[in-house]
Every structure is written in structure tokens, then in C-alpha cells.
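See structure below.
Coordinate-derived values only; no laboratory data. This one's a predicted model, so the numbers in the text were calculated from it and none came from an experiment. Note that we place each Cβ from the backbone using ideal geometry, even for glycine, and neighbour counts take in every protein chain shown.
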Amino acid sequence: MPEGLVNVLRKNGHTVESINSLHKKGIDNGLVQKHTEGKFDILFTRDAEFSRRFKKQQQTKIVLVTIQQGKAKAFIPIFMEHFEETDWSRIRTGDPWPFVVPD
């Protein structure tokens, strides 16, 4: 996901880190899970296997982002629109997000 998303979320009052900002780029998924568990409310990923692998995880929700990856200018506003509209209490680890009902 675009690194610029971190700044936008921070400007909106959220405490946010990324693999890049933590200087953890390239680490194994198991270490990502271990490093983030209980330290964050949500971990966003585009890796479907990773989002399913830790289904029993209770503290940090691992959410599969389904928004089509594109340029940051297009991706970030779409992400933020869905982010602000989501009732995060209803989202569980492994859930695809955002869940959009087709027309």
C-alpha cells in the first residue's frame, strides 16, 4: 500500500506505522505478526494467506485490503472513504475489507 497513506492516517489523528517506518521491510510474516500483536488495533495487508494464517489472533486484527492497488493519488481517497465508513467492531482477522455489495 502507498507509504503516503501513513501520513494521511496520522493527519486524521490515528497512530500509524508501516513496515517501512518500522525499518522491518523484508521480514518474515511470522515476525510481522509477532512484532505487531497487541501493539496495534489493525494491521492492513494485501496478502490473503497472511490475513488467514492468524485467524485465532485476538488483539490485533489482520485485515485483507481488497481495494485495487493503484497510484497513491487514486488509492488513498478510496481507502480513506471506506476507512471512515467502516464499523471496525464488526471486522475480524482475515476479513476482506472493504466488503462492498455489488450493484
*Of the residues that make up segment 74-92, is at least one within 12 Å of the chain's Cα centre (by Cα), closer than 17 Å to Leu9 by Cβ and among the hydroxyl-bearing types (Ser, Thr, Tyr)?*
no
*Could you grab me the full set of residues in segment 16-57 that are among the polar types (S, T, N, Q) and touching a residue at least 24 places away in the same chain (Cβ under 8 Å)?*
Asn29, Gln33, Thr36, Ser51, Gln57
_Could you tell me how many of the residues in segment 76-95 are farther than 12 Å from Val63 by Cβ, surrounded by fewer than 16 Cβ atoms within 10 Å (Cβ to Cβ) and either of a type outside the set (S, T, N, Q) or touching a residue at least 60 places away in the same chain (Cβ under 8 Å) (or both)?_
7
*asked:* Filter segment 1-33 down to the residues that are surrounded by 12 or more Cβ atoms within 10 Å (Cβ to Cβ) and farther than 23 Å from Ala74 by Cα and list them by number.
replied: Leu22, Lys24, Ile27, Asn29, Val32, Gln33
_Pick from segment 19-75, criterion of a type in the set (S, T, N, Q) and in contact with a Ser or Thr (Cβ under 7 Å, 6 or more places away or on another chain), ranking: nearest to Pro98 (Cα to Cα)_ = Thr45
